[in-house]
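Student: Pasting in a structure now, in structure tokens, and then I'll have a few things to ask.
The values are calculated or read from the model by the stated rules, or taken from the named source; none is laboratory data. Given the structure is predicted, the values throughout are model-derived calculations rather than measurements. Methodologically, a virtual Cβ is constructed for each residue, glycine included, from the backbone with ideal geometry; neighbour enumeration extends over all protein chains shown. The protein model used for the area step is the full one, side chains on, heavy atoms only, and it has no ligands, DNA or RNA in it. Shrake-Rupley method; radii C 1.70, N 1.55, O 1.52, S 1.80 Å.
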Amino acid sequence: MGRGPRGAGHPPRRLLSLLLLLGLARGATGARGADGLDICATCHEHATCKERDGKKMCICKYGFVGNGRTQCIDKNECQFGATVVCGNHTSCHNTLGGFYCICLEGYRATNNNKTFIPNDGTFCTDIDECEVSGLCGQGGRCVNTHGSFQCYCMDGYLPDSGPEPFHPTRDATSCTEIIIEINDVSVFNDTCVRWQIHPGRMNSRTVYVVHVKGHRADPIESVHEERVNLTADSRTPQVCLDLYQGTNYTVTISTAPPRRSVPAIIRFQTAEDDLLEDDGIFNVSLFNETCLKLNRHSRKVGSEQMYQFKILGRRWYLSDFYHTASFNFTTGERAAVVCLDLYPATDYTVNITLLGSPEQHSVQVMITTAPAVKQTISNTSIFNETCLRWRNMKIAGREEMYLLRIQGQRWYQEEFAQEITFNITSSSQAPEMCLDLRPGTNYSVSIYAWSSVLPVLISLTTQITEPPLPEVDFFTVHGGPLPRLKLRKAKENNGPISSYQVLVVPLALQSTFSCDSEGVTSFFSNASHTDGYVAAELLARHVPDDAMEISIGDRLYYGKYYNAPLKTGNDYCIILRITSEWNKVRRCSCAVWAQVKDSSLTLQQMVGVGLGSVAVVMVLAFLSFLAV
């Protein structure tokens, strides 16, 4: 009798207990929000609540990683290295939920701020310290380098107490003037002067000024005065002068600016003209690059002589190039000047013979002409990505030698450097050349025509190709848990690696899967079960150099993709895809990571289910105790 009324009041209480049991059981198996629980209220302080496909979930904010509810820890963006995160020439500084970048000494940010985050395209560019005048001191010349600068001494100056190049704040080196000592001046062949110099160190050609002043008793030509410039790199320069006979001369020799010297003076008298006829003896000196001066030793006033010039020019780099010329030249001058029509960048032999003389006196002169000042290359263009074409403005059919220097760099691979130098010879007015270049590289190509002074510079960029195939340890799983997969970083040989993606595809679609397909969606897409989905995406800069492990189905977000558990009993193919993107070109490489047949729960899922089962048993035992 006593148990009946008590039992009559129990059904609502038992119904409440049953509802509580069902709620706990669903919570143990991972249901969210079905019991009216406010999921958003359980989010971590560094997480936000989002709703996808009618489900609420907690996601850690940008700069934090974790499950969004019990854990959101700061992600150290700087752990992958300043170059990866901030770019070249930077230092990276981590903050709570973020980071910032600072340019290294000698560089500045392109946004002109001390700190920056490179999401707006900001990077560190070199500071040209040489814009500040006087940085290298008097006589110093500043040359900018990446992140710093170097000092060299200008012409007319030498480094004192240290090496060259030097840095003014690091080295105790300064530039001082070279004062050239001119010694042992002497006269030979009656009108020629030679001397010796002692500069301590010679670092370039020197220009000398020879001042000639003569006096004689002849009232008609009482004074002879002129200046002669001579360029030489010898320690014993010499020059033959056009002097009057029977004249007292004072010759002063000094260096032209910017060099300095103490002038050297020599006084002498030329021989008297006691010959009635020309003796046929003469010498030849180089007046400038293509002009010769014929100096006759003695002559009868008013007499003329005929000289024969034979010219042969060759270029050492062209086997079939010849330039020949022959002509006669008649003059009555004592020091006649003859200018020759010569080609640039050519080695010439000039033979000069006095005609009409019994001894046929001859002199041979060697001349090497400089490259032409005018550029001979024009209309440069690029075709087929790695091939060059240009036009030569010289005469058709004449061979020309070109020197090509190729330098390649990659912004994403600082240690990469490629340099190629070679020569080609062509008689075409429109030469073409295809180069063996690496993909995904910025190149600078200089083309130097041997007959020109300056090279032509061309810049080109090669497109990226497919990244290397992913290095994976392949697994085949039959009805068991899928082990953790090891992700290794790929080498950027064919272009910058952008991202790594883990794809879950039905096993039946493995043979028809296209690696470069962009149609694979997220897990929450309607087509994910039939076409497969992206389980995880990692940016290249977030993948460590050694390796990292990924567990399929750990219910975490990798990038914007959810790593969902595999459905029990289904067959799957796990694919690792590496993507490279640069200059609006996208290339991919894929490798099958694992094949899963009759999939079961992963190790993490098995632990979760086990804990849930224990919780259900404990709740049932507790309710049974209450019912007693």
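Student: Among 166-177, 80-91, how do they line up from the highest to the lowest mean number of other beta-carbon atoms within 10 Å?
Tutor: In decreasing order of mean packing, 166-177, 80-91 become 80-91, 166-177.
Student: What list of ³J(HN,Hα) couplings, whole Hz, do you get for region 250-264 from phi and the Karplus terms 6.51, -1.76, 1.60, once you set θ to phi - 60° and write x for glycine and proline?
Tutor: Karplus values, whole Hz, x for Gly and Pro: 10, 10, 10, 10, 8, 8, 8, x, x, 6, 10, 7, 8, x, 10.
Student: Which length gain, in nm to one decimal place, applies between Asp545 and Lys114 when the Cα-Cα distance is subtracted from 0.36 nm times their residue separation?
Tutor: Length difference between fully extended and current span is 152.2 nm.
Student: Also, I was wondering about something else. Under 13 Å from a point 7 Å along the Cα-to-Cβ line of Asn583: which residues of region 376-392 have their amide N that close?
Tutor: 382-387
Student: Could I ask something else about it? If you roll a 1.4 angstrom probe over the protein chains with everything in place, what fraction of the accessible area of region 82-220 belongs to carbon and sulfur, to the nearest %?
Tutor: 49 percent
Student: While we're on this one: Using a 1.4 Å probe on the protein chains only, how many percent of the accessible area of region 397-499 belongs to carbon and sulfur?
Tutor: Here carbon and sulfur together make up 49 percent of the probe-accessible area.
Student: Given a 1.4 Å probe and every protein chain left where it sits, what share in percent of the accessible area of region 524-603 is carbon and sulfur?
Tutor: Heavy-atom surface of region 524-603 belonging to carbon and sulfur, 1.4 Å probe: 46 percent.
Student: Leu286 to Ser133: FRET efficiency via 1/(1 + (r/R0)^6), r the Cβ-Cβ distance, R0 25 Å, to the nearest 0.05?
Tutor: With R0 = 25 Å, the Cβ-Cβ based efficiency is 0.05.
Student: Also, I was wondering about something else. HN-Hα J couplings of region 335-344 from phi, Karplus 6.51/-1.76/1.60, θ = phi - 60°, integer Hz, Gly and Pro as x?
Tutor: 9, 7, 10, 10, 9, 9, 8, 10, 7, x
Student: Still on this structure, please answer the following. Can you tell me the accessible area per residue over region 43-123, all protein chains present, probe 1.4 angstrom, in square angstrom?
Tutor: 59 Å²
Student: Summing +1 for each Lys or Arg and -1 for each Asp or Glu, what net charge is found among the other residues whose Cβ lies under 13 Å from the Cβ of Gly495?
Tutor: Around Gly495, the charge tally is +3.
Student: Once both labels are modelled 7 Å past Cα along the beta-carbon direction, what's the Ile266-Thr324 spacing in nm?
Tutor: 4.1 nm
Student: Let's test the formula: R0 of 41 Å, r as the Cβ-Cβ distance of Tyr152 and Asp516. What FRET efficiency results, to the nearest 0.05?
Tutor: E between Tyr152 and Asp516, to the nearest 0.05, is 0.20.
Student: Give the calculated FRET efficiency between Glu105 and Ala417 to the nearest 0.05, with a Förster radius of 35 Å applied to their Cβ-Cβ distance.
Tutor: 0.90
Student: Also, quick follow-up: Could you do me a favour and compute the accessible area per residue for region 498-591, 1.4 Å probe, result in Å²?
Tutor: With all protein chains present, region 498-591 gives 45 Å² per residue.
Student: Subtract the Cα-Cα distance of Ala591 and His93 from 0.36 nm times their separation in residues, and report this length gain in nm to one decimal.
Tutor: Full-extension gain reported as 175.7 nm.
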